[in-house]
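The numbers here are math on the coordinates, done by the rules we state, and not lab data. Not measured: the values here are computed from a predicted model. No Cβ is skipped: glycine too gets one built from the backbone with ideal geometry, and neighbour counts run over all protein chains shown.
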Amino acid sequence: MTLRTKTVEAAPRNFSLELQQTFAEVVLGRPTAKCQHLGICKIENACTNNFLDYTQATAENRLYGLASLKDNDYFELAFPRSSLSQAVFEKHFGSGYFQLEEGFMAGPELMGRPIYLPKGRYQVKISENIVSVRFAL
């Protein structure tokens with residue numbers, strides 16, 4: 001029996017193929033506006049969070065989804081479309097863009113390192129089952 005091997009070139013040193021994911025609880029809105037308006041007010045790991053003490057979150061602006069970090073490439077939030085109310089979908093995702101009215105910093109407890117998302121408009125990907133927003137790093 002002969003085994004065939006394939007030579008694969010090594011990736012450049014500044015490139016990582018590592019993808020980290022965690023189930024996250026996301027509160028939409030601006031932190032400086034008591035979680036009102038457009039943006040991200042807070043993101044925490046859903047398994048170890050303290051959102052019960054976070055009084056600015058309401059059922060309308062609190063979402064659960066998958067947070068993904070591909071090192072040196074992107075940070076992405078993906079939500080089941082069925083979990084979004086029509087009002088939340090229209091306000092935050094319906095235009096095809098997700099608006100961050102101010103920059104947002106996620107602490108290292110979420111993905112093992114701080115993640116800064118600058119203010120701006122980010123394209124939304126909408127499928128039959130998933131609504132996602134990818135932030136380039």
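Looking across region 85-112 at every residue that is part of a loop (DSSP other than H, G, I, E, B) and within 14 Å of the chain's Cα centre (by Cα), the one that is nearest to LEU38 (Cα to Cα) is identified as GLY103.
For region 88-116, residues that are among the hydrophobic types (A, V, I, L, M, F, W, C) and more than 14 Å from VAL131 (Cα to Cα) total 7. For LEU100, the conditions (1) touching a Ser or Thr at 6+ places or on another chain (Cβ under 9 Å); (2) closer than 15 Å to VAL26 by Cα all hold with the exception of (1). Just so you know, in region 89-137 the residues that are among the polar types (S, T, N, Q) and touching a Gly at 6+ places or on another chain (Cβ under 9 Å) include one that is nearest to LEU63 (Cα to Cα), and it is SER132.
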